[in-house]
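The values are calculated or read from the model by the stated rules, or taken from the named source; none is laboratory data. What you see is a predicted model; the values in this text were computed from it and never measured. Ideal geometry is used to build each Cβ from the backbone, glycine not excepted, and the neighbour counts take in all protein chains shown.
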Amino acid sequence: MTLVISCSSDDDPILVDDDNDNDTDNPINTSDYFPSNQANFWTYYNESVAEYDEMSGTATETLSVESENGNEVTFSTAVEGDAAGIITGALANGTLDKSDGKLTYSGDFGLINFEGIDLDIPFTDMTLLDSEASTGDILYTIEDEFSQEIEFGEFGNYNIDVAYTLEVIQGEHLESYMDFDQVLTSTLSLTNLSVIIHGIPVVGSLELMESTTNEPINSTSYFAKDIGLIKSETSIDIPFIVLEDIVPIPLPGLPGLEPIEAAMTQEITDYSVN
(Lines give C-alpha, C1' and ligand atoms only; values in the text may rest on other atoms or scores of the structure.)
Protein backbone atom coordinates (compact mmCIF):
# COMPACT_ATOMS: atom_id res chain seq x y z
CA MET A 1 0.00 0.00 0.00
CA THR A 2 1.29 3.41 -0.92
CA LEU A 3 1.82 5.48 2.22
CA VAL A 4 2.91 8.72 0.53
CA ILE A 5 0.28 10.76 -1.31
CA SER A 6 2.00 13.09 -3.76
CA CYS A 7 0.88 16.56 -4.80
CA SER A 8 0.30 17.76 -8.34
CA SER A 9 3.04 19.64 -10.11
CA ASP A 10 1.37 22.94 -9.28
CA ASP A 11 2.04 22.28 -5.61
CA ASP A 12 5.75 21.54 -5.97
CA PRO A 13 7.55 23.53 -3.29
CA ILE A 14 10.02 26.33 -3.92
CA LEU A 15 12.78 26.00 -1.37
CA VAL A 16 14.44 28.92 0.36
CA ASP A 17 18.09 29.24 -0.73
CA ASP A 18 20.04 27.67 2.16
CA ASP A 19 23.24 29.26 0.87
CA ASN A 20 22.09 32.63 2.19
CA ASP A 21 24.00 33.21 5.41
CA ASN A 22 20.96 34.88 6.98
CA ASP A 23 18.87 31.70 6.54
CA THR A 24 20.83 29.87 9.21
CA ASP A 25 20.32 32.51 11.87
CA ASN A 26 16.74 33.42 10.97
CA PRO A 27 15.35 31.47 7.99
CA ILE A 28 12.05 33.38 7.95
CA ASN A 29 11.08 36.38 10.03
CA THR A 30 9.25 35.46 13.21
CA SER A 31 5.54 35.64 12.50
CA ASP A 32 2.22 34.11 13.50
CA TYR A 33 1.92 30.61 12.15
CA PHE A 34 -1.43 29.93 13.85
CA PRO A 35 -3.53 33.11 14.20
CA SER A 36 -5.73 32.62 17.24
CA ASN A 37 -8.54 35.17 17.11
CA GLN A 38 -11.60 33.43 18.56
CA ALA A 39 -13.54 33.82 15.29
CA ASN A 40 -10.90 31.95 13.28
CA PHE A 41 -11.56 28.59 11.64
CA TRP A 42 -9.88 26.20 9.18
CA THR A 43 -11.70 23.58 7.08
CA TYR A 44 -9.88 20.52 5.76
CA TYR A 45 -10.52 17.66 3.39
CA ASN A 46 -9.36 14.51 5.14
CA GLU A 47 -8.56 11.20 3.48
CA SER A 48 -7.47 7.92 5.05
CA VAL A 49 -6.38 4.89 3.03
CA ALA A 50 -6.03 1.63 4.96
CA GLU A 51 -6.59 -2.09 4.67
CA TYR A 52 -9.40 -1.93 7.21
CA ASP A 53 -12.70 -0.34 6.22
CA GLU A 54 -13.10 1.20 9.67
CA MET A 55 -9.87 3.19 9.16
CA SER A 56 -10.54 4.19 5.54
CA GLY A 57 -12.67 7.05 4.32
CA THR A 58 -12.93 10.76 3.75
CA ALA A 59 -14.26 13.65 5.80
CA THR A 60 -14.69 17.38 6.00
CA GLU A 61 -13.28 18.70 9.25
CA THR A 62 -13.45 22.22 10.66
CA LEU A 63 -11.01 23.32 13.36
CA SER A 64 -12.10 26.40 15.30
CA VAL A 65 -10.51 28.55 17.98
CA GLU A 66 -12.43 27.91 21.18
CA SER A 67 -10.59 30.22 23.56
CA GLU A 68 -7.51 32.42 23.81
CA ASN A 69 -5.93 33.22 27.15
CA GLY A 70 -2.74 35.20 26.70
CA ASN A 71 -0.43 32.95 24.70
CA GLU A 72 -2.51 29.81 25.27
CA VAL A 73 -5.08 28.72 22.70
CA THR A 74 -7.65 25.91 22.76
CA PHE A 75 -9.49 24.50 19.74
CA SER A 76 -12.60 22.52 18.94
CA THR A 77 -13.18 20.33 15.91
CA ALA A 78 -16.23 19.13 14.00
CA VAL A 79 -15.94 16.16 11.62
CA GLU A 80 -18.42 15.22 8.92
CA GLY A 81 -17.40 11.83 7.56
CA ASP A 82 -15.24 8.81 8.40
CA ALA A 83 -11.70 10.21 8.63
CA ALA A 84 -10.94 12.39 11.64
CA GLY A 85 -7.56 14.08 11.42
CA ILE A 86 -4.76 13.08 13.80
CA ILE A 87 -3.14 16.53 14.08
CA THR A 88 -6.40 18.49 14.32
CA GLY A 89 -7.75 15.92 16.76
CA ALA A 90 -4.71 16.40 18.98
CA LEU A 91 -5.05 20.20 18.82
CA ALA A 92 -8.68 19.92 19.93
CA ASN A 93 -7.64 17.68 22.81
CA GLY A 94 -5.07 20.00 24.37
CA THR A 95 -3.65 23.51 24.41
CA LEU A 96 -1.30 25.37 22.07
CA ASP A 97 1.14 27.92 23.49
CA LYS A 98 2.33 30.65 21.14
CA SER A 99 5.45 32.23 22.63
CA ASP A 100 8.81 33.32 21.20
CA GLY A 101 7.85 32.36 17.65
CA LYS A 102 7.10 28.76 18.66
CA LEU A 103 4.01 26.55 18.66
CA THR A 104 4.13 24.36 21.78
CA TYR A 105 1.55 21.66 22.44
CA SER A 106 0.34 20.05 25.66
CA GLY A 107 -2.41 17.44 25.66
CA ASP A 108 -3.35 13.88 24.74
CA PHE A 109 -2.24 12.63 21.34
CA GLY A 110 -4.70 9.97 20.17
CA LEU A 111 -2.58 7.11 18.86
CA ILE A 112 -5.23 4.53 18.10
CA ASN A 113 -8.89 3.73 18.61
CA PHE A 114 -9.36 0.31 17.07
CA GLU A 115 -11.13 -2.90 18.02
CA GLY A 116 -12.07 -1.61 21.46
CA ILE A 117 -8.56 -0.32 22.23
CA ASP A 118 -8.44 3.44 22.84
CA LEU A 119 -4.84 4.58 23.42
CA ASP A 120 -3.88 8.21 24.10
CA ILE A 121 -0.32 9.42 24.76
CA PRO A 122 -0.02 12.52 26.99
CA PHE A 123 2.50 15.25 26.19
CA THR A 124 3.62 18.43 27.95
CA ASP A 125 5.39 21.35 26.25
CA MET A 126 6.04 19.59 22.93
CA THR A 127 7.37 22.13 20.40
CA LEU A 128 5.63 21.57 17.07
CA LEU A 129 7.19 24.48 15.17
CA ASP A 130 9.84 27.15 15.66
CA SER A 131 9.81 30.04 13.18
CA GLU A 132 13.47 30.81 13.95
CA ALA A 133 14.82 27.25 13.73
CA SER A 134 16.79 25.88 10.80
CA THR A 135 16.01 22.80 8.76
CA GLY A 136 17.02 19.68 10.68
CA ASP A 137 16.94 21.27 14.14
CA ILE A 138 15.50 18.97 16.83
CA LEU A 139 12.60 20.86 18.38
CA TYR A 140 11.56 18.22 20.89
CA THR A 141 12.68 14.75 21.91
CA ILE A 142 11.59 12.46 24.69
CA GLU A 143 11.88 8.83 25.75
CA ASP A 144 9.09 8.14 28.18
CA GLU A 145 6.67 5.59 29.62
CA PHE A 146 3.35 5.65 31.44
CA SER A 147 0.57 3.36 32.65
CA GLN A 148 -3.05 3.56 31.60
CA GLU A 149 -6.26 1.59 31.95
CA ILE A 150 -7.96 0.66 28.68
CA GLU A 151 -11.01 -1.26 27.60
CA PHE A 152 -9.85 -4.46 25.92
CA GLY A 153 -12.63 -5.72 23.67
CA GLU A 154 -15.37 -7.52 25.62
CA PHE A 155 -12.98 -8.59 28.38
CA GLY A 156 -13.29 -5.37 30.37
CA ASN A 157 -10.72 -2.86 31.57
CA TYR A 158 -7.05 -3.80 31.90
CA ASN A 159 -3.85 -2.02 32.90
CA ILE A 160 -1.22 -1.40 30.25
CA ASP A 161 2.35 -0.10 30.34
CA VAL A 162 3.34 2.08 27.39
CA ALA A 163 6.89 3.09 26.44
CA TYR A 164 7.93 5.16 23.42
CA THR A 165 10.37 7.62 21.88
CA LEU A 166 9.16 10.79 20.18
CA GLU A 167 11.01 13.43 18.19
CA VAL A 168 9.95 16.58 16.36
CA ILE A 169 12.32 17.97 13.72
CA GLN A 170 12.07 21.32 11.93
CA GLY A 171 11.58 20.70 8.22
CA GLU A 172 11.82 22.71 5.06
CA HIS A 173 11.39 26.47 4.72
CA LEU A 174 9.27 26.99 1.60
CA GLU A 175 8.85 30.34 -0.10
CA SER A 176 5.56 29.11 -1.57
CA TYR A 177 3.46 25.98 -1.33
CA MET A 178 -0.18 25.32 -2.28
CA ASP A 179 -0.61 29.00 -3.22
CA PHE A 180 0.54 30.09 0.25
CA ASP A 181 3.67 32.13 0.95
CA GLN A 182 6.34 31.45 3.59
CA VAL A 183 5.48 27.93 4.68
CA LEU A 184 7.31 26.10 7.47
CA THR A 185 7.19 22.35 7.97
CA SER A 186 7.95 20.03 10.84
CA THR A 187 7.97 16.25 11.17
CA LEU A 188 6.84 14.31 14.23
CA SER A 189 8.00 10.71 14.55
CA LEU A 190 6.94 8.21 17.19
CA THR A 191 9.28 5.22 17.49
CA ASN A 192 10.12 2.25 19.73
CA LEU A 193 6.53 1.77 20.86
CA SER A 194 5.93 -0.93 23.47
CA VAL A 195 2.49 -1.73 24.86
CA ILE A 196 2.31 -4.41 27.56
CA ILE A 197 -1.13 -5.43 28.80
CA HIS A 198 -1.56 -7.23 32.11
CA GLY A 199 -4.06 -9.79 33.37
CA ILE A 200 -5.32 -11.24 30.10
CA PRO A 201 -7.13 -14.58 30.71
CA VAL A 202 -4.92 -17.64 30.13
CA VAL A 203 -1.98 -15.49 28.93
CA GLY A 204 -1.31 -13.05 31.78
CA SER A 205 0.99 -10.19 30.65
CA LEU A 206 1.43 -9.71 26.91
CA GLU A 207 3.49 -7.40 24.67
CA LEU A 208 1.10 -6.21 21.96
CA MET A 209 3.83 -5.21 19.48
CA GLU A 210 5.44 -7.69 17.11
CA SER A 211 8.62 -5.63 17.46
CA THR A 212 9.40 -2.68 19.69
CA THR A 213 11.88 -1.37 17.12
CA ASN A 214 9.24 0.39 15.08
CA GLU A 215 7.97 3.72 13.77
CA PRO A 216 4.20 3.60 14.22
CA ILE A 217 3.66 7.27 13.35
CA ASN A 218 5.45 9.68 11.03
CA SER A 219 3.63 12.95 10.42
CA THR A 220 4.67 16.07 8.50
CA SER A 221 2.73 19.30 9.03
CA TYR A 222 2.76 22.43 6.86
CA PHE A 223 2.13 25.84 8.46
CA ALA A 224 1.68 29.01 6.39
CA LYS A 225 2.58 32.45 7.68
CA ASP A 226 -0.45 34.29 9.10
CA ILE A 227 -2.72 31.38 8.07
CA GLY A 228 -1.99 28.31 10.22
CA LEU A 229 -2.00 24.59 9.44
CA ILE A 230 -2.60 24.09 5.73
CA LYS A 231 -1.72 20.41 5.32
CA SER A 232 -0.58 17.31 7.15
CA GLU A 233 0.61 13.94 5.83
CA THR A 234 0.69 11.03 8.26
CA SER A 235 1.79 7.43 7.78
CA ILE A 236 0.72 4.85 10.36
CA ASP A 237 2.44 1.48 10.73
CA ILE A 238 1.54 -0.14 14.06
CA PRO A 239 2.97 -3.68 14.33
CA PHE A 240 0.30 -5.17 16.57
CA ILE A 241 0.54 -8.90 17.16
CA VAL A 242 -2.20 -11.18 15.82
CA LEU A 243 -3.92 -12.17 19.06
CA GLU A 244 -5.39 -15.36 17.62
CA ASP A 245 -1.85 -16.61 17.00
CA ILE A 246 -0.82 -15.91 20.60
CA VAL A 247 -3.78 -16.96 22.73
CA PRO A 248 -3.71 -20.79 22.95
CA ILE A 249 -7.48 -21.31 23.22
CA PRO A 250 -10.45 -19.60 21.53
CA LEU A 251 -11.79 -16.76 23.66
CA PRO A 252 -15.11 -15.19 22.64
CA GLY A 253 -14.87 -11.40 22.43
CA LEU A 254 -11.12 -11.32 21.82
CA PRO A 255 -10.31 -8.12 19.84
CA GLY A 256 -9.29 -8.72 16.24
CA LEU A 257 -5.89 -7.18 16.80
CA GLU A 258 -3.33 -7.33 13.98
CA PRO A 259 -0.84 -5.00 12.25
CA ILE A 260 -2.25 -1.69 11.02
CA GLU A 261 -1.01 0.36 8.08
CA ALA A 262 -2.65 3.56 6.87
CA ALA A 263 -1.90 6.80 5.06
CA MET A 264 -3.78 9.92 6.15
CA THR A 265 -3.82 13.43 4.68
CA GLN A 266 -5.45 16.71 5.65
CA GLU A 267 -5.53 19.58 3.17
CA ILE A 268 -7.06 22.98 3.76
CA THR A 269 -10.07 23.92 1.62
CA ASP A 270 -11.40 27.00 3.40
CA TYR A 271 -10.40 29.28 6.27
CA SER A 272 -11.08 32.57 7.99
CA VAL A 273 -8.36 34.25 10.03
CA ASN A 274 -8.20 37.67 11.63
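Worth pointing out:
- Subset of segment 163-191 that is under 15 Å from the mean Cα position of the chain (by Cα) and in contact (Cβ under 8 Å) with a residue 60 or more places away in the chain - its residue that is farthest from GLY228 (Cα to Cα): LEU190
- Here ASN214 meets the list (1) at pLDDT 95 or above; (2) outside any strand (DSSP E or B); (3) over 22 Å from the mean Cα position of the chain (by Cα) almost entirely, failing just condition (3).
Table: residues versus (1) assigned to a strand (DSSP E or B); (2) on the phi < 0 side of the Ramachandran plot.
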{"site": "THR60", "(1), (2)": "yes, yes"}
{"site": "LEU63", "(1), (2)": "yes, yes"}
{"site": "GLU66", "(1), (2)": "yes, yes"}
{"site": "SER76", "(1), (2)": "yes, yes"}
{"site": "ALA84", "(1), (2)": "no, yes"}
{"site": "THR88", "(1), (2)": "no, yes"}
{"site": "LEU103", "(1), (2)": "yes, yes"}
{"site": "GLY107", "(1), (2)": "yes, no"}
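- Selection of strands (runs of 3 or more DSSP E) fully inside segment 125-206 by the criterion of at least 2 residues being among the hydroxyl-bearing types (Ser, Thr, Tyr) and modelled with pLDDT under 95 returns 157-177.
- Residue match in segment 244-252 (condition: hydrophobic (A, V, I, L, M, F, W, C) and crowded, with 18+ Cβ neighbours inside 10 Å): no
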